[in-house]
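Structure record follows, encoded as structure tokens.
Read the figures in this text as sums done on the coordinates, not as results from a lab. All values derive from a computational prediction rather than experimental measurement. Quick reminder, even Gly has a Cβ in these numbers, built from the backbone with ideal geometry, and neighbours come from all protein chains shown.
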Amino acid sequence: MDDLYREVIIERYKSPYYRGHLDPHDIFFEDDNPVCGDHIEITLRVDEAGIVTDAAFDGHGCSISQASADLLIESIHGKSLEEVKALNKEDVIELLGFDLGPVRLKCALLSLKVLKAGAYGLSVDEVSDDLVE
């Protein structure tokens, strides 16, 4: 992994820009990675046109899951819910700036799974890993 990208991951893990909880919020969703115990919750404010006006995440886990969540939240400000629904794993990999192995990829994609489940208005029982493909 390139040193620059490593520094970004560590910085975003130690001092995330978008950690928090929006209250009030229009969309809330949370989920866990049962394999490693990472947990992410995402809150969004959306205007009447379906545009994300504010977003935040909270949770705990490894540096990849937390940095990925912070970068993803930053990237969706001003996007429509339709654009959010269209995000995929390549978008997250691009945000991170490097490829990951299968185990670390699951960590990185947890925030995308949570974000998209919230954008689609899914229940916990309806969520699957297909959301991030």
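Go through A67, S123, G20 and say which Cα lies farthest out towards the positive end of the charge dipole of the chain; charges sit on Cβ, +1 for Lys and Arg, -1 for Asp and Glu.
Projecting each Cα onto the dipole axis, the largest value belongs to A67.
If the viscosity is 0.692 mPa s and the temperature 37 °C, what Stokes-Einstein diffusion coefficient in µm²/s follows for region 6-82 when Rh is the Kirkwood radius over Cα pairs?
Calculated translational D: 257 µm²/s.
What share of Cα pairs, in percent, lie more than 17 angstrom apart in region 44-115?
Cα-Cα pairs in region 44-115 separated by more than 17 Å: 39 percent.
Find the relative contact order for region 43-133 and round it to a whole percent, using C-alpha pairs within less than 8 Å whose residues are 6+ positions apart.
27 percent
Mind checking which lysines have their Cα closer than 21 Å to the Cα of K79? Skip sequence neighbours fewer than 8 apart in that chain.
Straight-distance partners of K79: K89, K113, K116.
Semi-axes of the equivalent ellipsoid of region 28-71: what are they in whole Å, largest first, if each equals the square root of 5 times a C-alpha gyration tensor eigenvalue?
Listed largest to smallest, the semi-axes of region 28-71 are 24, 11, 6 Å.
Order by neighbour count: L110, L44, L87, fewest other Cβ atoms within 10 Å first, most last.
Arranged by neighbour count, lowest to highest, L110, L44, L87 become L87, L44, L110.
Can you check what the net charge comes to around D47, using other residues whose Cβ is under 11 Å from the Cβ of D47 (Lys, Arg +1; Asp, Glu -1)?
Result for the neighbourhood of D47: -2.
So between D23 and E7, what do we pick up on full extension, going 0.36 nm a residue minus the alpha carbon distance?
Length difference between fully extended and current span is 2.6 nm.
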